[in-house]
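Structure, as structure tokens:
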Amino acid sequence: MTADQSVTEPVAATGAATMVDVAIVGGGLAGSLAAAVLARAGHRVTLIDKRAVYPDEFRVEKIGGPQLEMFRKLGFIRGLESVACPYDRVLNIREGKLVDVSVGQAYGLPYADLVAMARGQIPDASSLIVDEVTAISCSDDVQQLELASGRRLKARLVVLATGMAGALGYKLGIKRRVLAAGHSVSFGFTIARRDGAPFDFNALTCYGERTADGVDYLSLFPVQAGMRANLFMFRDPADPVMRDLRRDTEATLLRLLPGLRPYLGDFHVTDRVQNWVMDLSVVEGHLQDGVVLIGDAFQTNCPAAGTGVARLLVDVERLCTEYAPRWLMTEGMGKAKISEFYSDRDKIAADQQSLKMAHFRQALTSRNDIGWDVRRRLHFLRRSLTHRVDQMRPGWLAQVRSALRA
């Protein structure tokens with residue numbers, strides 16, 4: 001793929017290379033957040049992406065829970081609040097019955113808006129170069145980058161935030177090992193009632209009813225365009241039901257989740273149905289001089305597990321507030337420095353938790369042996385009983401949990 005030449009001025013290949021502290025390759029959420037954190041700390045940063053405006057892609061669309069504290073810690077919470085739709089109450093249902101109610105601040109927004117917010121936090125807009133990196137030459141001192149336009153850059157550190165696009169990493173000898181091909185399938189679309197009336201809920205999660213369907217859950221939450229739907233499944237991506245979900249979304253959704261009907265009424269899909277097939281994978285051969293991988297470039301996540309943003313934020317926080325600033329204070333950028341990031345306890349814990357939750361969600365959704373059937377029933381029964389107790393004695397469970405943590 002080539003850069004958007006309408007916004008990229010070709011620079012002669014013989015021109016002098018620009019020197020920066022950190023060159024970040026990939027301007028999605030991970031790269032844009034990392035660029036903003038480092039640039040605000042006073043480092044010379046260049047963010048390189050082939051798109052001046054990030055396209056409308058089905059990726060992260062809601063932020064909540066512990067993720068909000070990390071956004072706050074990194075200084076992005078006000079930016080998030082300015083572009084997202086807030087909600088603080090989610091009805092959780094299964095087989096048409098209420099399981100419990102989740103209470104806590106959360107936000108819904110398109111991924112493109114989330115990336116634009118992060119890029120908007122970079123102090124100097126010229127730090128974004130709309131171009132494509134075609135080659136990287138790494139050493140234990142200075143890294144050389146060649147761009148499609150002919151421009152050349154030098155950087156002490158290169159951060160690869162290229163997601164699952166592994167061409168550059170492959171050229172460096174970094175390979176991706178697939179742990180589970182076609183692990184999960186996700187769908188994203190927006191819905192509305194045909195009569196134009198609002199839905200009777202602020203946000204709703206509907207869990208799958210039958211293991212054979214492979215439906216983990218449908219999450220409904222507000223965005224500026226209306227009520228957004230994220231459907232997460234563990235099922236063969238080639239199964240005919242995937243085609244049905246794209247072509248006849250409303251009927252197929254109610255066939256898979258009949259308990260939804262009383263909550264949605266007469267609804268329709270208002271925009272394009274997008275879907276994503278996710279492989280679980282990790283990289284190998286990544287410990288190299290002068291280059292570090294973050295986010296999906298290092299390890300992919302199961303969208304249903306909801307751990308992708310948490311992992312990404314841990315990577316950004318640890319690299320950009322702890323390691324990169326310290327590395328830049330001394331000469332060299334060899335493997336000994338780079339290994340500190342990959343050995344970080346918080347990063348390792350986040351990576352391991354992400355894989356653990358990916359396998360747990362799949363088993364809880366799809367396994368039909370007696371052991372998992374009992375576990376599944378107990379999982380939802382425990383949640384339902386907890387909710388009933390909390391209704392009878394509001395705040396009592398929170399007090400118990402607080403006492404146990406003390």
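The values are calculated or read from the model by the stated rules, or taken from the named source; none is laboratory data. Predicted model, so just to flag it, every value in this text is computed and none were measured. Positions of Cβ are backbone-derived with ideal geometry, glycine not excepted, and every protein chain shown enters the neighbour counts.
Could you name every one of the helices (runs of 4 or more DSSP H) located completely within segment 304-364 that has at least 2 residues being surrounded by fewer than 19 Cβ atoms within 10 Å (Cβ to Cβ) and not assigned by TED's automatic domain parsing to the domain that holds Ala39? Walk me through how you get there before you give the answer.
On the way: elements: 308-318, 324-327, 335-342.
Hits in segment 304-364: none.
Here is the figure for segment 223-252: residues that are in contact with a Phe, Trp or Tyr (Cβ under 9 Å, 6 or more places away or on another chain) and under 15 Å from Tyr207 (Cβ atoms) total 5.
Within segment 251-260, the set of residues being free of Cβ contacts under 8 Å to residues at least 60 places away in the same chain and loosely packed, with under 15 Cβ neighbours inside 10 Å comprises Ala251, Leu254, Arg255. In segment 83-105 there is at least one residue matching the filter, namely being among the charged types (D, E, K, R) and out of contact with any helix residue (DSSP H, G or I) (no Cβ under 9 Å at 6 or more places or on another chain). The set of residues in segment 30-62 that are surrounded by fewer than 18 Cβ atoms within 10 Å (Cβ to Cβ) and touching a helix residue (DSSP H, G or I) at 6+ places or on another chain (Cβ under 8 Å) comprises Ala41, Val53, Pro55, Asp56, Glu57. Can you tell me which residues in segment 365-406 are in a loop (DSSP other than H, G, I, E, B), closer than 24 Å to Leu98 by Cα and modelled with pLDDT under 75? Of everything in segment 365-406, those that are in a loop (DSSP other than H, G, I, E, B), closer than 24 Å to Leu98 by Cα and modelled with pLDDT under 75 turn out to be Arg393, Pro394, Gly395.
Can we say Thr270 is buried (at least 21 other Cβ atoms within 10 Å of the Cβ), closer than 21 Å to Cys206 by Cα and out of contact with any Cys (no Cβ under 9 Å at 6 or more places or on another chain)? The answer is no for Thr270.
Out of the residues in segment 164-201 meeting the condition of being outside the structural domain of Asp289 (by TED's automatic domain parsing) and among the aromatic types (Phe, Trp, Tyr), tell me which one is nearest to the chain's Cα centre (by Cα). Going through the qualifying residues, I end up with Phe187. Comparison of Arg119, Arg156, Arg78 shows that the only residue that is on the phi < 0 side of the Ramachandran plot, among the basic types (Lys, Arg) and touching an Asp or Glu at 6+ places or on another chain (Cβ under 6 Å) is Arg156. Checking each residue in segment 268-298 for being more than 27 Å from Ile191 (Cα to Cα) and assigned to a loop (DSSP other than H, G, I, E, B) picks out Gly285, His286, Leu287, Asp289, Gly290, Ile294, Phe298.
For segment 106-127, filtered to residues that are touching a Phe, Trp or Tyr at 6+ places or on another chain (Cβ under 7 Å) and part of a strand (DSSP E or B), the residue that is nearest to Pro55 (Cα to Cα) is Gly108.
From the list Ser366, Ser354, exactly one residue is touching a helix residue (DSSP H, G or I) at 6+ places or on another chain (Cβ under 8 Å) and over 22 Å from Leu256 (Cα atoms). Which is it?
On the way: Ser366 fails: over 22 Å from Leu256 (Cα atoms).
Matching residue, one of Ser366, Ser354: Ser354.
Of all the listed residues (Ala212, Ala225, Ala197, Ala238), the sole one being out of contact with any helix residue (DSSP H, G or I) (no Cβ under 6 Å at 6 or more places or on another chain), under 27 Å from Ala112 (Cα atoms) and surrounded by fewer than 19 Cβ atoms within 10 Å (Cβ to Cβ) is Ala225.
Residue by residue, here is whether (1) at pLDDT 95 or above; (2) among the β-branched types (Val, Ile, Thr); (3) under 22 Å from Cys320 (Cβ atoms) holds:
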site: Ser102; (1), (2), (3): no, no, no
site: Ala106; (1), (2), (3): yes, no, no
site: Pro110; (1), (2), (3): yes, no, no
site: Met117; (1), (2), (3): yes, no, yes
site: Ser126; (1), (2), (3): no, no, yes
site: Val133; (1), (2), (3): yes, yes, yes
site: Ser137; (1), (2), (3): yes, no, no
site: Asp140; (1), (2), (3): yes, no, yes
site: Gln144; (1), (2), (3): yes, no, no
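Restricting to segment 227-250, name every residue that is among the charged types (D, E, K, R) and not in a strand (DSSP E or B). Listed by number, the residues that qualify are Arg235, Asp236, Asp239, Arg243, Asp244, Arg246, Arg247, Asp248, Glu250.
Taking segment 143-163 as the range and being more than 21 Å from the chain's Cα centre (by Cα) and hydroxyl-bearing (Ser, Thr, Tyr) as the test, only Ser149 passes. Leu80 falls short on exactly one of the conditions (1) crowded, with 20+ Cβ neighbours inside 10 Å; (2) more than 23 Å from Ala203 (Cβ to Cβ), and that condition is (2).
Please go through segment 253-280 and give me each residue that is in contact with a Leu (Cβ under 6 Å, 6 or more places away or on another chain) and under 23 Å from Glu57 (Cβ atoms), ordered by number. The answer is Leu280, and nothing else.
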